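The values are calculated or read from the model by the stated rules, or taken from the named source; none is laboratory data. None of the values given here were measured: they were computed from a predicted structure. Cβ: placed from backbone, ideal geometry, glycine included. Neighbour counts: every protein chain shown.
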Amino acid sequence: MKNKLTNRALEDTHGREAMGSLSMAGRSLQAFIFYVKGGDIMKEKPDTGEISFPEIIEQPVMWGYYRDLHQANKYKAIVNPDNGKLFSIVSNDYRLIRHEEAIERIENAIYEVPDLGRYETYTKFYNDMGRMRRTYRFPEIYVEIGLRDTVNLEIHLFNSYDTVWMFIVLLGAFRLICKNGLVVGKKFLHLRKRHVYELEQINVREEVSTALTRFKLQTKQWGKWAQRQLTEKTYKKVIKDMKFGKKAMEEIEDRIYQDAEGFSNNDVPIMSVWMFFNVFTWYITHKAVSINHRVDMEKKLRAAMVNVRRR
C-alpha cells in the first residue's frame with residue numbers, strides 16, 4: 001500500500017496559491033522531484049502530479065540461528081514491506097515519523113501564516129526514499145542584499161527512516177542571481193528533533209511562523225557582509241575548514257578568480273565576504289555529487305563562517 005501526495009491547483013480561502021498535499025486544503029505551484037540512486041542526482045524534472053510514498057512499518061527484531069530465534073525486546077526494525085528494504089534497527093523509544101506525515105504537518109503550518117504567500121516545492125530522496133529533503137521556496141518573500149542581488153526565503157524539511165537525519169525544519173534562502181541555495185547561520189537556523197518525540201509534540205508551527213523574522217535578521221547580516229572586505233585571516237580559515245579535495249579546490253579557485261576584482265600582495269582575493277561566501281554556496285548547490293555530500297558541505301560552511309558572523 002502506498003500513500004500519495006497529490007498536487008492540485010486550487011486556491012485556498014486566503015486567495016493565495018500554495019502546494020497541494022494529502023487530505024488538506026489544496027495548495028498549488030509546480031513541485032519538482034529529484035530521485036537519487038547510488039549517490040548520483042538525476043536530472044531535475046517537474047512533478048507529474050503525485051508523489052507515491054511506501055507504507056513504512058515497524059517490525060520486531062529476531063536474533064539467533066534457524067529455528068532457535070529470540071525476539072530482541074528492546075528493539076524494532078523500520079522496514080518497507082513492498083520490497084523488504086530494511087532502513088534501520090532502532091530502540092523502542094524511536095518514534096516513526098513518515099515523510100508524508102512530516103509534509104502534512106509543515107504545510108498545515110505554512111497555510112496558517114498567510115504572510116508567507118505562495119510557494120514552490122523541490123523534493124529529493126536518497127537510499128530508496130529512506131531520506132527526504134523537501135524545500136519550500138517563497139518567491140514573494142525577498143530581500144535585496146545589493147543592487148539586483150535578490151534572495152528568497154526557503155524552508156527545508158528533512159526526515160529519514162535510516163536515522164542519518166533527524167526530523168529537521170531548517171531556514172534557508174535562495175540567491176536568484178546565480179541560483180545558489182544559501183546556508184543560514186546557526187543562531188537563525190532550525191528546529192531539530194530526534195525521533196523520540198511524537199510528531200504532535202514537535203512545534204512545527206512555531207518554527208514556520210518565526211521563519212520570516214529570522215530570514216530578515218539573516219539577510220541583514222548578509223547585507224553587512226556585502227560591505228565588508230574579505231581579510232586574509234577569514235580567507236585562509238574558511239578554505240582550511242572546508243577541507244576540499246584537490247579537484248574541488250581547483251574549481252573553487254577558478255570561481256574565485258572569475259568573481260574577484262583582483263588579488264592582494266598576499267594572494268588574497270579582493271572581494272567582499274558576501275561574494276566569497278557565495279563562491280562556496282555556488283559549489284555546494286551545483287557541484288555536490290549527492291544529497292549527503294551537499295548536506296555535509298553545508299554543515300562545514302556553517303561552522304567555518306561562525307567567526308565571521310560574530311563580528
Matching residues, the range 207-241, being under 30 Å from Ala102 (Cβ atoms) and among the aliphatic types (A, V, I, L, M): Val208, Ala211, Leu212, Leu217
Which count do you get for residues in the range 82-101 that are of a type outside the set (Val, Ile, Thr), touching a residue at least 12 places away in the same chain (Cβ under 8 Å) and part of a strand (DSSP E or B)? 4
Wholly inside the range 198-263, helices (runs of 4 or more DSSP H) that include 1 or more residues that are under 21 Å from Asn278 (Cβ atoms) and hydrophobic (A, V, I, L, M, F, W, C) are 211-226, 232-242, 246-259
Can you pull out the residues in the range 109-129 that are touching a helix residue (DSSP H, G or I) at 6+ places or on another chain (Cβ under 8 Å) and surrounded by fewer than 18 Cβ atoms within 10 Å (Cβ to Cβ)? Glu112, Val113, Asp115
The range 263-276 - residue that is in contact with an Asp or Glu (Cβ under 9 Å, 6 or more places away or on another chain) and among the polar types (S, T, N, Q) and, of those, surrounded by the most Cβ atoms within 10 Å (Cβ to Cβ): Ser264
Suppose we filter Val279, Val289 for residues that are out of contact with any His (no Cβ under 7 Å at 6 or more places or on another chain), in a helix (DSSP H, G or I) and either loosely packed, with under 13 Cβ neighbours inside 10 Å or of a type outside the set (Asp, Glu) (or both); which single one remains? Val279
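Only one of these is surrounded by 15 or more Cβ atoms within 10 Å (Cβ to Cβ) and either of a type in the set (Asp, Glu) or modelled with pLDDT under 90 (or both): Glu232, Glu251. Name it.
Numbers: Glu232 fails: surrounded by 15 or more Cβ atoms within 10 Å (Cβ to Cβ).
Result: Glu251 is the single residue among Glu232, Glu251 that is surrounded by 15 or more Cβ atoms within 10 Å (Cβ to Cβ) and either of a type in the set (Asp, Glu) or modelled with pLDDT under 90 (or both).
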When the residues of the range 86-104 are filtered to those that are crowded, with 20+ Cβ neighbours inside 10 Å and under 30 Å from Lys74 (Cβ atoms), which remaining residue is farthest from the chain's Cα centre (by Cα)? Val90
Can you find even one residue in the range 83-98 that is modelled with pLDDT of 90 or more, closer than 19 Å to Phe167 by Cβ and touching a Leu at 6+ places or on another chain (Cβ under 6 Å)? yes
Residues of the range 149-172 classified as of a type in the set (A, V, I, L, M) and within 10 Å of the chain's Cα centre (by Cα), total: 6
By residue number, the members of the range 136-149 that are of a type outside the set (A, V, I, L, M, F, W, C) and over 10 Å from Thr219 (Cα atoms) are Tyr136, Arg137, Pro139, Glu140, Gly146, Arg148, Asp149
Within the range 68-109, can you find the residues that are touching a strand residue (DSSP E or B) at 6+ places or on another chain (Cβ under 6 Å) and aromatic (Phe, Trp, Tyr)? Tyr75, Phe87
Does Glu58 count as at pLDDT 90 or above and surrounded by fewer than 15 Cβ atoms within 10 Å (Cβ to Cβ)? yes
